[in-house]
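J.: This structure is in structure tokens; I'll ask about it shortly.
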Amino acid sequence: MLTFQSNQETRHRKYASEPAIIDNTCNNYTIVNQEEIRKKLNHLFNKNALLAIKVPGKFATSTLLTTITHIEKNHVFLDGFQNERFNKDLLKQNALEVFTNLEGIAVSFILSGLSGYYTDGSFTLMTHLPKSMEWIQRRNARRVKVPINIPVKVQYKNQADCFNIADISVTGLSYLDPTEDQYFSAIGGLHTDCNIVLPDKSVHLACFEIVNNITIPYKHTKQINRVGCEIKRASYRLDTALQHLINQIDFYYQ
């Protein structure tokens, strides 16, 4: 039987009105919404991400690598293994711990309800969609939460609306999208001509890649989308402006 130690204290981060400095090196999210989990699994499938699973055997625990072959309704399908013993050991388990690292994002979840069958001579695993998923974005640069009295905004090309940035670093940011239209927020989407509007009203051209999109509670009465972006090929002007902004926020709240 696999053992899985879940962190019961992990919760969605809420964007509060009070300022705060984000000193930790990662943001932890526990995703429980099934549609969000489905989106994440499809992202792993589209990226052909290698998934590691630990399988206890008769003599030793094996770490096996597999990929998602497809997702259908409430089931996930994984590549099986040529080693028949590995496949038998897999099917003996009530649940499997799965983990991977996708472009700096640590992902883990539990799969249950395993069954297996052969298709064209290849063994395939079928499991239920996981009930929850840990999606942890590692960060290499200092990120600060943007206080309400030092507003920073992001604006897509040819769009009048601006979105409030929740936190920012020189390499990435997240913004809050209260709209139901998620056209611009698809994971993996690359936007080459967005604007970052700083508190002094200066506008800086930026290139974003959407790396995550998570629904979080907001003001206790509604939910809002928190969209995480990686800043690509930042210009010297933008990099300098963001460094100045981060230092300003740090100094203001020391």
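The values are calculated or read from the model by the stated rules, or taken from the named source; none is laboratory data. Quantities reported herein were computed from a predicted structural model and do not represent experimental measurements. Neighbour counts are summed over all protein chains in view; Cβ atoms, including those assigned to glycine, are modelled from backbone coordinates with ideal geometry.
J.: For the stretch 81-104, how many residues are under 26 Å from the mean Cα position of the chain (by Cα) and in contact (Cβ under 8 Å) with a residue 24 or more places away in the chain? Before you say what the answer is, go through the steps one by one.
T.: Taking the stretch 81-104 as the starting set, the residues that turn out to be under 26 Å from the mean Cα position of the chain (by Cα) are 95-104.
Now restrict to residues that are in contact (Cβ under 8 Å) with a residue 24 or more places away in the chain: 95-100, 102-104.
Of the residues in that region, 9 qualify.
J.: Among the residues of the stretch 36-69, count how many are modelled with pLDDT under 80, part of a strand (DSSP E or B) and more than 14 Å from Thr127 (Cβ to Cβ).
T.: Here the count works out to 3.
J.: Going by the conditions given, is Ala106 over 18 Å from His70 (Cα atoms) and surrounded by fewer than 16 Cβ atoms within 10 Å (Cβ to Cβ)?
T.: In short, yes.
J.: Picking from His75, His12, which residue would you name as being surrounded by 13 or more Cβ atoms within 10 Å (Cβ to Cβ) and modelled with pLDDT of 80 or more?
T.: Result of the check over His75, His12: His75.
J.: Name the one entry in Ile165, Ile187 that is in contact with a helix residue (DSSP H, G or I) (Cβ under 6 Å, 6 or more places away or on another chain) and not polar (S, T, N, Q).
T.: Unique residue meeting the criteria: Ile187.
J.: Can you work out which of the residues in the stretch 115-159 that are among the small types (Gly, Ala, Ser) and surrounded by 15 or more Cβ atoms within 10 Å (Cβ to Cβ) is nearest to the chain's Cα centre (by Cα)?
T.: Only one residue tops the list, namely Ser132.
J.: Within the stretch 105-222, which strands (runs of 3 or more DSSP E) (wholly inside it) include 2 or more residues that are among the aliphatic types (A, V, I, L, M), touching a residue at least 24 places away in the same chain (Cβ under 8 Å) and in the same structural domain as Thr240 (by TED's automatic domain parsing)?
T.: Details: elements: 105-112, 115-119, 122-128, 133-138, 143-145, 153-155, 163-168, 172-177, 190-197, 203-218.
Strands (runs of 3 or more DSSP E) meeting the threshold: 163-168, 172-177, 190-197, 203-218.
J.: Please go through the stretch 78-96 and give me each residue that is assigned to a strand (DSSP E or B) and crowded, with 18+ Cβ neighbours inside 10 Å, ordered by number.
T.: Result: Leu78, Leu96.
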